[in-house]
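The values are calculated or read from the model by the stated rules, or taken from the named source; none is laboratory data. Everything numeric in this text was worked out from a predicted model, so none of it was measured. When we count neighbours, we look across all protein chains shown, and the Cβ atoms used for this are built from the backbone with ideal geometry, even at glycine.
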Amino acid sequence: MHFACVPGQERFDVAELIVIRHGQASFGAENYDVLSDLGRAQSRAAGEWLRRAQWHPDRIVTGTLERQIDTASEMGFDPVPEQHPGLNEYDFGNLLEARFPEGLPELVNADRKVHFRTLRETVFAWQRGEIDNPYESWEQFATRVEAARAFALDTTAKRVLVVSSGGVIGQMVAASLQAPAEHMMNLNLQIKNAAMTRFMFSGSLFSLNEFNSTPHYATPEGANLMSYS
């Protein structure tokens, strides 16, 4: 891995934060917040690849969602995970109910393309303040993600592993690049299950090093593990 040091700063002063998206959950099931068998396999593959690369976390932080906690468990590292609710995903179901108070369009849950198109449009409306009475505002979401990031970085650890969800990761990346809010959603929809996004940090330095990386899928067998939802 390669990264540039800021002037006057030694390389060993810079720490790493890897944020991994949870493994595949149970899309379309009554309880989405449960890893599928594929999701568990993805999580184990990510942990095995990091160990082969001799990358062992000194600190682990997850959200409080079951799929995030179980992903960290399946990765099999020693540090006992801490939790921060700011790493939890936004509640898309609530946003849909607020946007469509008379009921969802029929195809939203029946057709994957319609589902994700509706997801994108709903989040854009949320960001513009066009959804009445959401469970949390866009500003509240962005604020809690930033609080979770600050919590993860408030450490002497040199290697921090965070397990979160696509929307949180998209927002963290967009904010690090000082990109417009809409880019959060464009990034969110690209993020693969158990993909790794890496940042470098030291003091006020926080910079993106790698986005949506899946080296653990870079074999014929591993390619069968890839999924996006």
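Side notes on the structure shown:
- Of the strands (runs of 3 or more DSSP E) contained entirely in segment 137-229, those carrying at least 2 residues that are crowded, with 20+ Cβ neighbours inside 10 Å fall at 159-164, 196-202.
- The one condition in (1) surrounded by fewer than 19 Cβ atoms within 10 Å (Cβ to Cβ); (2) outside the structural domain of A175 (by TED's automatic domain parsing); (3) outside any helix (DSSP H, G or I); (4) not aromatic (F, W, Y) that V80 fails to fulfil: (2)
- Residue match in segment 54-69 (condition: under 17 Å from K192 (Cα atoms) and assigned to a helix (DSSP H, G or I)): yes
- Scanning segment 162-220 for residues that are in contact with a strand residue (DSSP E or B) (Cβ under 9 Å, 6 or more places away or on another chain), farther than 22 Å from H56 by Cβ and charged (D, E, K, R) yields a single hit, K192.
- Pair list, Cβ < 8 Å and 6+ apart or interchain, from segment 59-77 residues that are assigned by TED's automatic domain parsing to the domain that holds T155 to residues that are of a type in the set (D, E) and buried (at least 21 other Cβ atoms within 10 Å of the Cβ): G63/E89; L65/E89
- If you check E82, E97 for being at pLDDT 95 or above and farther than 18 Å from K192 by Cα, only one passes: E82.
- Residue that is nearest to R149 (Cα to Cα), among those in segment 45-72 that are polar (S, T, N, Q) and under 16 Å from the mean Cα position of the chain (by Cα): T62
- Any hit, segment 4-15, residues being under 15 Å from L205 (Cα atoms) and at pLDDT 95 or above: yes
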